[in-house]
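Questions regarding the structure given below will be posed in turn.
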Amino acid sequence: MQFGKISGLALILLGIVLCGLQAVLVVTPKKDRQASEATTTTNTEHRTTLLPGVVGAGSLLAGIAILATARRRDEPERKYAVK
């Protein structure tokens with residue numbers, strides 16, 4: 001395999017993993033860490049970041065683009081190809 005195909009497949013795999021991580025972060029319910037204390041004065045909000053999803057989508061698209069444009073070494077130039 002060529003470097004372009006290997007890096008394209010690696011980026012696609014990384015994109016799938018990061019998009020899956022983003023889905024897990026969004027779907028799983030938030031657990032109260034201070035459930036035993038009913039009267040807390042501070043309101044703690046849990047924020048989820050969109051960074052894994054954005055980076056995952058970007059690497060997925062980049063991997064598809066690299067894999068689609070990767071050319072085999074033994075493939076002749078376009079002008080010398082058999083028609």
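The values are calculated or read from the model by the stated rules, or taken from the named source; none is laboratory data. Quick caveat: nothing in here was measured; it's all calculated off a predicted structure. Counting neighbours? That spans all protein chains shown, and the Cβs are built from the backbone with ideal geometry, glycine included.
Out of the residues in region 69-83 that are modelled with pLDDT of 75 or more and in contact with a helix residue (DSSP H, G or I) (Cβ under 8 Å, 6 or more places away or on another chain), which is surrounded by the fewest Cβ atoms within 10 Å (Cβ to Cβ)?
The extreme case among them is THR69.
Can you tell me which residue is farthest from the chain's Cα centre (by Cα) among those in region 2-12 that are surrounded by fewer than 17 Cβ atoms within 10 Å (Cβ to Cβ) and in contact (Cβ under 8 Å) with a residue 12 or more places away in the chain? Step through it out loud before you land on a result.
First, the residues of region 2-12 that are surrounded by fewer than 17 Cβ atoms within 10 Å (Cβ to Cβ): 2-7, 9-10.
From what's left, in contact (Cβ under 8 Å) with a residue 12 or more places away in the chain: 2, 4-5, 7, 9-10.
Numbers: GLN2: 22, GLY4: 18, LYS5: 17, SER7: 14, LEU9: 12, ALA10: 10 Å.
Among those residues, the one meeting the criterion is GLN2.
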